[in-house]
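Shown next, in structure tokens, is the structure this report addresses.
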Amino acid sequence: MRCVSLDRTRSSGSKTGDTRWIKVTSPAGTPPVTGTTRVRRTLDGDRVLVFEVIDGRITYAVGINAQRDLAAVRRLIERRVPVELAALADPAQPLAAMLRR
């Protein structure tokens with residue numbers, strides 16, 4: 001079952017208690033949904049983002065210690081902005097810049 005609403009929650013499982021989920025389509029750690037591509041973006045320190053992309057658009061994202069980045073991801077999901085997989089994986093590519101395309 002897929003959840004179509006945006007859902008932000010906190011988890012006490014991370015070091016800072018700051019894990020957030022957006023538009024969950026499958027729990028983290030499970031194989032991607034058929035027809036999706038999973039992209040991991042490792043940021044500095046202990047921060048990470050994982051995306052699932054269908055037809056060039058983000059459908060799922062999970063972030064650990066990445067509040068500011070998740071705000072941009074939320075807008076990418078809401079606006080259904082087409083994204084490039086290489087740009088999602090590259091931490092040098094600002095997510096906010098993808099909104100301006």
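A DSSP coil position with no more than 15 other Cβ atoms inside 10 Å describes the following GluC sites (Glu not before Pro) in the stretch 29-101: Glu84.
Once both labels are positioned 7 Å from their Cα atoms along Cα-to-Cβ, the gap between Gln67 and Leu85 label points is 3.3 nm.
Which of rounded, prolate, oblate describes the stretch 62-101, given a ≥ b ≥ c as roots of the alpha-carbon gyration tensor eigenvalues and a/c under 1.5 marking rounded, otherwise prolate only if a/b is larger than b/c?
Values: a/c = 1.71, a/b = 1.15, b/c = 1.49.
Oblate shape, in that a/c is at least 1.5 and b/c is the bigger or equal ratio.
Using a simple spin-label model with pseudo-atoms 7 Å out from Cα toward Cβ, Asp55 and Thr34 lie 1.7 nm apart. Computed over neighbours whose Cβ is under 11 Å from that of Val48, the net charge equals 0, Lys and Arg +1, Asp and Glu -1.
Values in this text are rule-based calculations from the coordinates and carry no lab data. Please read these numbers as outputs of a predicted model, since none were measured by experiment. A quick note on method: Cβ atoms are made from the backbone with ideal geometry, for glycine too, and the neighbour counts reach across all protein chains shown.
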